[in-house]
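Scroll down for the structure; my scribbles are underneath it.
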Amino acid sequence: MFNLDKLEFNNIREKLASYTNTFEGKNLALNLEPSSKSMEVASWLNETDECMQTRNVKGELPISQINDVSFLIKSLKSNLSLTAKGLLEINNVLRIARELTQYFKDLEISIPTLEDYYSMLYSNKDVEKKISLCILSEDRIADNASSKLFSIRKSKKILESDIKIKLNQIMHLNSKYIMDNVITIRDGRYVIPVKDEYKGYLKGLIHDTSASGSTVYMEPFVVFEINNKINNLTLVENKEIERILNALSKLLFPIVSSIEKDVEIIAKLDFINAKAKLATEMDANKPIISKEINLIKARHPLISKAQVVPIDIYVGKDFTTLVITGPNTGGKTVSLKTVGLLCLMAQSGLFIPAGENSTVKIFENIFADIGDEQSIEQSLSTFSSHITNIVKIVDIVNDKSLVLVDELGSGTDPLEGANLAISLLEYFHNQGALTVATTHYQEIKNYCITHEGFENASAEFDIEKLEPTYHLLIGIPGKSNAFAISKRLGLKQSILNRANSLMEKPDTDIETLMKEIYDDRISIENLKKEEEKNLNQITLLRKSLENQVSDRLAREEEKVEKAKKEAREILQDAKDEANRVIRELSGLGSKDLKKANELRNKLNSDLKETESSNGLDLSVLLKLNNQETNKPSGKANVHIENTASMSISSEINLIGENVDTAIMSLDKYLDNCTMAHLKQVRVIHGKGTGKLREGIHNYLKKSKYVSSYRIAGYGEGDYGVTIVELK
């Protein structure tokens, strides 16, 4: 049971209906009912959510106006032909179905709920195109709808041209008898306007008279036969049009069930699209289904955005009964209606005007006793009217109920009313219902303070401005403002003092204490927000520093890699220089010994400088040993000795080394092998991930020592070894 009228749900339905484009979609909106089934509500909310996502990606859904076509569907089911207008309306359904299918095609987001609808849409482009080509408007059939119609209309145009020529000639020759030089049609026949006093001067038939009686519309006898021919062709034309409409209608007979399904699906998509539009207009969010109500910055959807004051209101977690107190104009009733209406909207698959992560509970019953109207027919007082409503609630209320009661217990003796209200609140609480009530009674405020499951709230009031703020303060009962307001308005202090002395001190003290507690809580919340703000700033600063350190490490790593590359290039240059020197030394005689020593010293100096400047472990590549031989010729020969090449191995094992280190070792090894005149060597790199092998092969492609290379064959080491042929 849902009290839709009390919570103004009809206004929401009408607002929703205003966003629909189809007759059936509007009906769905106007007849929308909340559901008490959690799975159904979740599915409805998903529909709205998916539609909003779709609109964000592809824009407005291509749903234009569709009128009530139920009568047309029935006619087609009975194999009855449709008029041109009816055919156009059915064709409109086919067109929208096709455009919707195209709209949803290749959508890059997941919309499983909506897919259940649009995947069932039927379209028939051939039938749609044929109807569009034949029917230009509801009262105009295209000339080329058939060859016969084209021929008929061509003949009519010739006759119409002839009759107009003759009538124009008659009007020109008898201009003084003619009222207006205009040819018109009366009774389907071409006529001319003749002044009434001259109607006897022309031979012909009178078909009509003007309202003033001063003009008669005559068909001259000379065009009588042509008019007859035109009328006969018109009859034939109408029969041909009827035949064309019958033929087009027959195209729809076999697919009428699919068209009927299209109307249903398009209406549903139109309705869902309206829900998405309403959510956008209200700045609404998808509510979370929970076991409690927690509305964040909730706004009443029927109050202007410029006027409404958002409220935070929650019930169902730490307490099940919330009692709101405060001034009559403080927004207590609006708070009640906001809670009830937003729950109804959520259970109807509508997004709610509240902040993200707001939660609602699914109820079987939402009761609302709001307003103080009397039942005139039953001659009931305000109190009796309220109790009549309460009795209905008591008979049905359970743990799946939301009870909203405005001014509980009012309209009777305050003491009795307060105690009756407490008893009712206890009953609702014991039944497991969630209850939000408003009251003025101090006894109820005190009861909520001392009983578990009950909580006070108040509608804030600005004493300085003497006006409500409409903010809801949960956790503090509303303090009576009668004395403060009276004082601000100038009531004598002595009267206020006497009134204050008559007050029961315990109640006053409780209100004061609760106000202080609330103020302390507000201060704590503010401190908490400040701490969170500082923590967020610290987190952002830490992330910024981490990013800076990361960037710096990346730059340093780039420098190291650059240095390694430069070192390899320098080393290669040094080796090239060494080879050049060796070649020069090989051609020197004993008389050039001094020059050889100079070259040797320069080479050693260059190698030391290279090693010290790059921090790398560059071994001496060449050992120059100048010795004079005892050959009879007396010539001194220079012998170049490379200690590494004296016992060079025919293979090198690079397993376990990183790519850069391995390449440096391999480069040095191949240099030694070349000097030792080795023609083939084995490079052992292992299989592993293949990264080392790939790096070595990239080096071998460019190496000046290498003639060719290949992966070792079976028995040679397979993929873990590369065979290198040297130049």
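Observations on the model:
- Test result for Ile183, under 30 Å from Leu136 (Cα atoms) and in contact (Cβ under 8 Å) with a residue 40 or more places away in the chain: no
- So Asp180, is it part of a loop (DSSP other than H, G, I, E, B) and acidic (Asp, Glu): yes
- Within the range 307-358, the set of residues being over 31 Å from the mean Cα position of the chain (by Cα), among the hydroxyl-bearing types (Ser, Thr, Tyr) and at pLDDT 95 or above comprises Thr320, Thr321.
- Residue list for the range 187-197, restricted to those being in contact (Cβ under 8 Å) with a residue 24 or more places away in the chain and either surrounded by 15 or more Cβ atoms within 10 Å (Cβ to Cβ) or aromatic (Phe, Trp, Tyr) (or both): Arg189, Tyr190, Val191, Ile192, Pro193, Val194
- Restricting the range 264-290 to residues that are out of contact with any strand residue (DSSP E or B) (no Cβ under 7 Å at 6 or more places or on another chain) and within 27 Å of Lys74 (Cα to Cα), the residue that is surrounded by the fewest Cβ atoms within 10 Å (Cβ to Cβ): Glu264
- Residue in the range 215-228 that is closer than 21 Å to Leu159 by Cα, in a loop (DSSP other than H, G, I, E, B) and touching a residue at least 24 places away in the same chain (Cβ under 8 Å) present: no
- Residue check, Glu356 surrounded by fewer than 16 Cβ atoms within 10 Å (Cβ to Cβ) and either assigned to a strand (DSSP E or B) or in contact with a strand residue (DSSP E or B) (Cβ under 6 Å, 6 or more places away or on another chain) (or both): yes
- Residue check: Ser137 meets all listed conditions (1) surrounded by 13 or more Cβ atoms within 10 Å (Cβ to Cβ); (2) under 30 Å from Ala274 (Cα atoms) but one, namely (1).
- Any hit, the range 399-408, residues being outside any helix (DSSP H, G or I), surrounded by fewer than 18 Cβ atoms within 10 Å (Cβ to Cβ), in the same structural domain as Lys317 (by TED's automatic domain parsing) and out of contact with any Leu (no Cβ under 8 Å at 6 or more places or on another chain): yes
- Only a single item in (1) touching a helix residue (DSSP H, G or I) at 6+ places or on another chain (Cβ under 9 Å); (2) surrounded by 17 or more Cβ atoms within 10 Å (Cβ to Cβ); (3) assigned by TED's automatic domain parsing to the domain that holds Leu344 is not met by Ile303, and it is number (2).
- From the list Leu678, Leu618, the lone residue that is modelled with pLDDT of 80 or more and surrounded by 11 or more Cβ atoms within 10 Å (Cβ to Cβ) is Leu678.
- Within the range 551-577, residues that are farther than 18 Å from Asn672 by Cα have Cβ atoms under 8 Å from residues that are not in a helix (DSSP H, G or I) in these pairs: Ala567/Leu616, counting only partners at least 6 apart in sequence or on another chain.
The values are calculated or read from the model by the stated rules, or taken from the named source; none is laboratory data. Just so it is clear, the structure is predicted and the values come from calculations on it, not from any experiment. Neighbour counts run over all protein chains shown; Cβ positions are idealised from the backbone, glycine included.
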